Amino acid sequence: MQLRYVETDAASCSAPLLAVGVVEGADAGSGLLARLDEALGGAVARALDSGDMRGKRGDEVRLYGPEGGADRVVLLGLGKADEVDAEAVRRMAGRAVRAAEAFRLEGLAIALDGLDGVAPEARAQALAEGAGLAAWRFDELKAEKEDDPVVSVISVDLVGTDDADAYARGAMTGAAIARGANFARTLQSRPGNVATPTALADEAVRMAGAVGLEATVFDEARMREEGMHALLSVSRGSAEEARFIMLEHRGGKEGDPPLILVGKGLTFDAGGISLKPPAGMEEMKFDMSGGAAVIGAMQVVAEIGVKANVVGLVPSSENLPSGTATKPGDVISSLAGKTIEVINTDAEGRLILADALTWGSRMKPKAMVDCATLTGSVIIALGHHAAAVMGNDDALVEELRAAGEASGERCWPLPLWKEYREQLDSTTADLQNVGGRPGGSITAAAFLKEFVGDATWAHLDIAGTAYGEGKLPYQRKGALGFPTRLLVEWVRSRAG
């Protein structure tokens, strides 16, 4: 999709549709609304005076434009002026795209005016993100309906004149972030027979070549040579080989310790010998959502030229039952040298992450963050509104919480006290891979903590937020790309 900033007055811009935000208490006597009202022969004032447009969140009024301006105008309520933040702007842009889709339009313009509660650059970034995210759809495996073809929005102009330089920077950044998140959503959406570990690695390598990242992929022979036995234990039940993907962005000084992003890349999870129930198992194509987010975030990091060294690590495999699959009660080794008693083969994500985190810790990072659809327990704790964040450094946990607030991809801290680690004690190995039902999300993080060495580390459990019903205006049902934007925001804040 083409998304750009155009320095022009929204009231006179030429577009199939112009979207304008309206806060509670707005009047048609000043600013953009006044200029639009004059052009529309008083239609804006009538909409406000009638109460059809009160400026409340969710209010929407559609008008038809004058000669020489936009063909259509949609007024979108934003709520109280002092409550308009970047997320409200993001959602407004999503609503604007949905309005264009209702009109079966391929393009629209969105006014930057009237959103004064958000700084110009952040305003443009949020609009670009919301529009880009809303316009995405996954249809690459569908045949086009000749009698009723889908009309997609392929062009969005952000229009305004107040601060052209800031608007242009924000639009560029927001467009790149939306592309990265949408790339993650596309990878998430591909079914397991398409998005195999090899295919995921191939896509990562292709993307890396396009944006200037260095890519390295380990096959199973290389993993065996390195000692990644925990990762290999998960792939034993599948005919598909595992892959370990490493993407490197060298935007900082040579020799500077990197920021490391680690994402679980389980391209299909049947649970192994501890087989999942059949109902809903098709959704386990989304078990690689953390890996997809890391790949998408690395694309953004390269495109916007983050001035830091950043590494993305994605361990990828399938988890299937067969005569060669790891069995409950088996004891396996790991890259860290620790032995693990596998109590439940459906707790496999932490096994593949264990080797990836050990690899990352050996790179002596400034900080390391992993993200994974790891436990159903996190949904019981936080629902579908936020991911859980846990780690061995309170400052890093707070950085991620703040990045979540800024990006609209929220996370919330859970404790990681030593008592939780005791639930992982094993009589036959150094530790076991599950700690029982109590505190399941926390004990999973406690397991991961055993493999980070001295690294400053935090973990995001995204099982409740990576995919879903798509209830926000810029989402669709299915893949949500979470936490691509959060990771980008955190890396950017660390890079200054």
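Residues of the stretch 209-252 with the amide nitrogen closer than 20 Å to a label point 7 Å from the Cα of K364, along Cα-to-Cβ, please. Output list for this probe position: 248-252.
Given a 1.4 Å probe and the protein chains as shown, K253 ends up with an accessible area of around 150 Å².
Here R206 sits with roughly 130 square angstrom of accessible surface, probe radius 1.4 Å. Amide H contacts of V262: L313, V369, D370, C371, each under 5 Å away and 5 or more positions distant or on a separate chain (H built 1.01 Å from N in the peptide plane; Pro and chain starts excluded).
Would you mind pulling out the separation of the Cα centroids of the stretch 345-398 and the stretch 90-128, in Å? The two parts, judged by their Cα centres, are 33 Å apart. Any idea how far apart I154 and A34 come out in nm if each label point goes 7 Å out from Cα toward Cβ? Modelled inter-label distance: 4.0 nm.
For the stretch 295-337, what does the alpha-carbon gyration tensor say about shape, rounded, prolate or oblate, given a ≥ b ≥ c as the root eigenvalues, a/c under 1.5 as rounded, and a/b over b/c as prolate? It comes out oblate by the Cα gyration axes. Annotation: extensible slack from A210 through K327 equals 38.0 nm (criterion: 0.36 nm per residue apart, minus Cα-Cα distance).
Size of the chain from its Cα atoms: along the principal axes, largest to smallest, the extents are 80, 50, 42 Å.
Which pairs in the list K366/K449; K142/K471; K338/K449; K253/K364 are over 21 Å apart, alpha-carbon to alpha-carbon? Don't jump to the answer; show the numbers that get you there.
Numbers: K366/K449 16 Å; K142/K471 23 Å; K338/K449 12 Å; K253/K364 15 Å.
Beyond 21 Å: K142/K471.
For a test of the definition: using alpha carbon positions, the gyration tensor, and the 1.5 limit on a/c, classify the stretch 4-104 as rounded, prolate or oblate. Rounded. Each peptide in 305-313, 343-351, 145-153 was scored by the mean count of other Cβ atoms within 10 Å over its residues; highest first, the order is 343-351, 305-313, 145-153.
Using the basic label-point model (7 angstrom from Cα toward the beta carbon), what is the K145 to D27 distance in nanometres? In this crude spin-label approximation the distance works out to 4.7 nm.
If I stretch the segment between S426 and K477 completely, what's the gain in nm (0.36 nm per residue apart, minus their alpha carbon distance), one decimal? Before the final figure, lay out each step's value.
Details: separation 51, 0.36 × 51 = 18.36 nm, distance 4.08 nm.
Difference between extended and current length: 14.3 nm.
Can you classify the stretch 72-152 as rounded, prolate or oblate using the Cα gyration tensor, where a ≥ b ≥ c are the square roots of its eigenvalues, rounded means a/c under 1.5, and otherwise it's prolate if a/b beats b/c and oblate if not? Prolate. Per residue, the chain exposes 40 Å² of accessible surface when a 1.4 Å probe is rolled over the protein heavy atoms with every protein chain present.
What's the ranking of 243-249, 421-427 by average number of surrounding C-beta atoms within 10 Å, highest first? Write down the numbers at each step before the final one.
Numbers: 243-249: 24.6, 421-427: 14.7.
The most tightly packed comes first, giving 243-249, 421-427.
Of the residues H384, A444, G132, the one whose Cα sits farthest towards the positive end of the charge dipole of the chain is A444 (charges of +1 on Lys and Arg Cβ, -1 on Asp and Glu Cβ, taken about the Cα centre). Since only M288, A43, L353 are under comparison, the one whose Cα sits farthest along the positive direction of the charge dipole of the chain, derived from C-beta charges on Lys, Arg, Asp and Glu, is L353.
Nearest 20 debye, what's the magnitude of the dipole of the chain about its Cα centre given +1 on Lys and Arg Cβ and -1 on Asp and Glu Cβ?
On the way: 51 positive and 71 negative charges, 115 e Å.
Here the size comes out at about 560 debye.
Taking 7 Å steps out from each Cα toward its Cβ at R437 and E469 produces label points 2.5 nm apart.
Whenever you get a sec, line up K56, K418 from highest to lowest accessible area (probe 1.4 Å, protein heavy atoms).
Working: K56 80, K418 155 Å².
Solvent-accessible surface, decreasing: K418, K56.
Packing, taken as the mean count of other beta carbons within 10 Å per residue, orders the peptides 85-93, 174-182 from highest to lowest as 174-182, 85-93. Along the charge dipole of the chain, Cβ charges K/R +1 and D/E -1, which of L231, I343, N309 sits furthest on the positive end? So the residue furthest toward the plus end is I343. Label zone (E226, point 7 Å along Cα-to-C-beta; backbone nitrogen cut-off 19 Å) within the stretch 446-483: 448-456.
The values are calculated or read from the model by the stated rules, or taken from the named source; none is laboratory data. From a predicted model like this one, the values you see are computed outputs, not experimental measurements. As a convention, Cβ positions derive from the backbone with ideal geometry for all residues, glycine included, and neighbour counts pool all protein chains shown. In case anyone asks, the SASA skips ligands and DNA or RNA and just uses the protein heavy atoms, side chains included. Shrake-Rupley method; radii C 1.70, N 1.55, O 1.52, S 1.80 Å.
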